[in-house]
Amino acid sequence: MIKQLLVSTLAIAASMTISATTIKVWEGNTQLKGWGDNVSVPASEFTAASEGSKLVVNITVDMTLDPAINYTNLGVKTNTTGWPELDGTGFQNPTGTDASWDLNATAASQLKNTGPIIQGQNIVVTSVDLITAEDIDPNILFEGELVISGWNSGATINPAKLNAGDAIKYTFSAPGSADGKVLVKNSSWANLLGTAKIGYSDMATDSVIVGVTDEMLQNASGSIFVQGDGGCTITKVERIPDAFNPTNVICYGERACGANVFTVIPEGTSKLSVVFAKMPTWAQICDNSWSALHSNDEATIVENSDGSVTMTFPITAEDIAKINNAKELVVNSDQKLISLNYPGAESAIESIEANDTNAPVEYFNLQGIRVANPENGIFIRHQGNQVSKVRM
């Protein structure tokens, strides 16, 4: 089901290369009245820059910004100490709607490493475009060789390029040490809510999916990057559009358990659903100190058509307070986590519609299979719109 959709979506997306030579790397409305004003674009926006590319700054001329002069100025600097000019470029006096510079190999490398600072006078900058030298895949957000060690960081991407339901695919050429880990961060260097820790076992599969949730986008602010330790090597970050349905999804993407999930659970939530790759022998929802809040013997269990299993656990106000205090919970099991969700109608037991309190009583085992004569175990009792767990 969910896992199968992910695999097929990624396979289709991987086979497509979109011909798009113009990439909008910045949008806004910044007035350049004088040399104290500037537009800064992060280096992460220039992954596709190469010799022969063109940098285009789209503008509106406004001679009232500095009435002391009767001309315009616009130039591109590298975002390093002293702001030296981008190699091979110079200041222009634009009078139209844009100014552009052809990039040599050195300038392209500078943009990839530092990003530009755009300065000027009597200019309003409305957007900045990179026109690539050849057709590229705009879903490639980072390419290079980033070694994650000693809690360094990198592979920064712009959340404005993402939508809820997309997937971020991190490709690893080496998983590093067995105790290594990678965390997805927001622009405040906090663990990005809606994500899960990436561990050695995850990186050893060569690529890791981070599903883009609504909570992620609400908490990303200006950038998303990774930070960690252990010596793994990231070589590519790419966007997979429309990889999954984000409705009610807390985090998405296969992880080895125990999986630390960073999130804040809304008050009033009464259940959490976990999709595992296969039927677990055991499973737990834990707080961030790994103390079990609920175990599989308290969960409603449904086997999905693709072999994955959905376990729906109860969650109390006290549990929510513990989780939200740390903004973290742990899903622990002997099977891999696929996603953590607020339950909708995925449970076959809970989706049975009946409002008549005189309706016949039905029993199901913990795998969601109807049982005619329940005995010697724990069962789900269903009558009308009432569902409860009973021991027989």
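The values are calculated or read from the model by the stated rules, or taken from the named source; none is laboratory data. What you see is a predicted model, and the numbers here were worked out from it, not measured in a lab. Here Cβ is always computed from backbone atoms with ideal geometry, including for glycine, and neighbour counts include all displayed protein chains.
Scan the stretch 260-315 for residues that are part of a loop (DSSP other than H, G, I, E, B) and aliphatic (A, V, I, L, M) and the total you get is 6.
Does THR171 qualify as being in contact with a Lys or Arg (Cβ under 8 Å, 6 or more places away or on another chain), surrounded by fewer than 18 Cβ atoms within 10 Å (Cβ to Cβ) and either in a loop (DSSP other than H, G, I, E, B) or at pLDDT 95 or above (or both)? Break it down stepwise before answering.
Values: in contact with a Lys or Arg (Cβ under 8 Å, 6 or more places away or on another chain): yes; surrounded by fewer than 18 Cβ atoms within 10 Å (Cβ to Cβ): yes; either in a loop (DSSP other than H, G, I, E, B) or at pLDDT 95 or above (or both): yes.
Considered against the rule, which asks whether it is in contact with a Lys or Arg (Cβ under 8 Å, 6 or more places away or on another chain), surrounded by fewer than 18 Cβ atoms within 10 Å (Cβ to Cβ) and either in a loop (DSSP other than H, G, I, E, B) or at pLDDT 95 or above (or both), THR171 comes out as yes.
Pairing residues of the stretch 147-173 that are over 16 Å from LYS236 (Cα atoms) with residues that are of a type in the set (Ser, Thr, Tyr) and at pLDDT 95 or above, at Cβ distances under 8 Å and at least 6 apart in sequence or on separate chains, gives ALA164/THR213.
Kindly indicate whether THR64 is out of contact with any strand residue (DSSP E or B) (no Cβ under 9 Å at 6 or more places or on another chain) and at pLDDT below 95. Please lay out each step first, then the result.
Working: out of contact with any strand residue (DSSP E or B) (no Cβ under 9 Å at 6 or more places or on another chain): yes; at pLDDT below 95: no.
No, not satisfied.
If you go through the stretch 216-259 and keep only what is outside any strand (DSSP E or B), under 22 Å from GLY150 (Cβ atoms) and touching an Asp or Glu at 6+ places or on another chain (Cβ under 8 Å), you end up with just GLY230. If you check THR126 against the conditions, is it at pLDDT 95 or above and not assigned by TED's automatic domain parsing to the domain that holds VAL208? Yes, satisfied. Checking the stretch 151-159 against the condition returns no match, with no residue being modelled with pLDDT under 95, of a type outside the set (A, V, I, L, M) and not assigned by TED's automatic domain parsing to the domain that holds ALA220.
Residues checked against (1) more than 22 Å from the chain's Cα centre (by Cα); (2) at pLDDT below 95:
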residue	(1), (2)
VAL212	no, no
THR247	no, yes
ALA256	no, no
THR263	no, no
LEU272	no, no
HIS294	yes, no
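Among the residues of the stretch 108-144, those that are surrounded by 23 or more Cβ atoms within 10 Å (Cβ to Cβ) and closer than 19 Å to ASN58 by Cβ comprise LEU111, PRO116, ILE118, GLY120, ASN122, ILE123, VAL125, VAL128, LEU130. When residues in the stretch 295-336 are screened for being out of contact with any Gly (no Cβ under 9 Å at 6 or more places or on another chain) and within 13 Å of ILE265 (Cβ to Cβ), 15 of them pass.
Out of all the residues in the stretch 107-120, is one or more over 20 Å from THR132 (Cα atoms) and not assigned by TED's automatic domain parsing to the domain that holds LEU146?
Yes, there is a match, as at least one residue in the stretch 107-120 is over 20 Å from THR132 (Cα atoms) and not assigned by TED's automatic domain parsing to the domain that holds LEU146.
Once the stretch 92-106 is narrowed to residues that are surrounded by 15 or more Cβ atoms within 10 Å (Cβ to Cβ) and free of Cβ contacts under 8 Å to residues at least 40 places away in the same chain, the residue that is nearest to GLY154 (Cα to Cα) is GLN92.
Only one of the listed residues (ALA164, ALA178) is part of a loop (DSSP other than H, G, I, E, B), surrounded by 16 or more Cβ atoms within 10 Å (Cβ to Cβ) and of a type in the set (A, V, I, L, M). That residue is ALA164.
Scanning the stretch 48-88 for residues that are in contact with a helix residue (DSSP H, G or I) (Cβ under 7 Å, 6 or more places away or on another chain) and either in the same structural domain as ARG239 (by TED's automatic domain parsing) or in contact (Cβ under 8 Å) with a residue 60 or more places away in the chain (or both) yields ALA49, SER50, GLU51, SER53.
Working only within the stretch 18-39, note down all residues that are among the polar types (S, T, N, Q) and surrounded by 13 or more Cβ atoms within 10 Å (Cβ to Cβ).
Keep residues of the stretch 18-39 that are among the polar types (S, T, N, Q), which gives 19, 21-22, 29-31, 38.
Matches in the stretch 18-39: THR21, THR30, GLN31, ASN38.
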